[in-house]
Amino acid sequence: MITATELRALDVFPERPDTQTSYISAASGLVCVGSHIYVVADDELHLGVFSAGDNEPGRLIRLFAGDLPIVKADRKRQKPDLEAIVFIPAFEGFSYGALLALGSASRPNRGRGILLGLDPQGGISGSPEQVDMAPMLGPLHRAFADLNIEGAAVVGDELLLFQRGNKKFIENAIIRYPLLPALNALRGLDADAFAPSAITPVNLGMIEGVPLCFTDAAALPNGDVVFCAVAEDTGDAYLDGHCVGAAIGIADKHGRLLSSHQLEQPYKVEGISAQMKNDTLNLLLVTDADDPAIPAKLLSGLIPLEAEASRY
């Protein structure tokens, strides 16, 4: 079992100074670069930016124009459903790397994303560049009955996407692409359909008869990935359900499950970042309570790696 410790609520300064302090509710992806903690939420048009050095409210960076409805059901229909965010190492035009945020692609309006350049300190530099997942989606819709991309990681020269299953379609999988061609496809530099180099099913087990399904992942220094997964009692990529439990695990990029540890409390964790220190994997996690009245939380946790030391 992993014990998660609550570090803070993800409260943010409002986009307009004449409105009261707000918070991120449905945190769905997490990446740390330098002293910056970046959080995407599946029901927002903004990126949340927090400092690793204090608990001051974060700030919001607008990613998409417009406004979303206040009513939950209407908001759910119209939201971009950003579910994954990943750091991309330096490439042409982005000397200090970039952040890539992607939608779940679970509905036609959820197949867009954002590319954000970074400065030498890991801060945001320049304006958001919209990307289109359309070149990737044809092969993925043929591969999965209920497509739902929930995580991303860069391992070497590959981009890994993580398909989240559900109670009806238990289709967890790691989807692999060559990184630079994938970025070109997303940016519209290559308009042809772009198929993955590999799709590997992954069985994560169950909690109380409900399958554990991917909600996010992050790369580890040796090329493996650490992931979070939840057992959410729903048979649909669109509808929410009761979370009966959650787990943190390690897998290799080929989908071989190396370890899995259940969380002591059934937090619905949807974002993960990890840092290795000595024989311990230090985790940061973010939550989504599926309730706009409840702020998302930033959690910490530890995984001892003594039993797997030969791999790290």
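Listed values, structure above:
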read-out	value
Rounded if a/c under 1.5, otherwise prolate or oblate - the range 132-269, Cα gyration tensor axes	oblate
Distance from the range 109-177 to the range 27-105 (C-alpha centre basis), Å	13 Å
Set of aspartates and glutamates near Lys79 by C-alpha distance (under 12 Å), chain-local residues within fewer than 8 positions excluded	Asp42, Asp43, Glu44, Asp67
Over the chain, relative contact order from alpha-carbon pairs under 8 Å, at least 6 apart, %	18 percent
Computed helical MRE - 222 nm, the chain, DSSP H runs ≥ 4 contributing -39500 (n - 2.57), nearest 500	-2000 deg cm²/dmol
Assigned charges on the beta-carbon of Lys, Arg, Asp, Glu; the range 232-300 dipole about Cα centre (debye)	440 debye
Scattering profile of the range 5-311 at q = 0.07, 0.08, 0.09, 0.15 Å⁻¹ [log10 I(q)/I(0), Debye over alpha-carbon scatterers]	-0.23, -0.31, -0.39, -1.22
Magnitude of the charge dipole, the range 76-197, Cβ model with Lys/Arg +1 and Asp/Glu -1, debye to 20	720 debye
Flagged links, alpha-carbon separation over 20 Å, of Lys168/Lys297; Lys268/Lys297; Lys72/Lys268	Lys168/Lys297
In nm, spacing of pseudo-spin labels at Leu180 and Asp132 (7 Å Cα→C-beta vector)	2.4 nm
Test item: Cα-centred dipole of the range 1-110, Lys/Arg +1 and Asp/Glu -1 on Cβ, debye	360 debye
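Just so you know, all these numbers are worked out from the coordinates, no wet-lab data involved. Small disclaimer: the values here were computed from a predicted structure and weren't measured. Cβ: placed from backbone, ideal geometry, glycine included. Neighbour counts: every protein chain shown.
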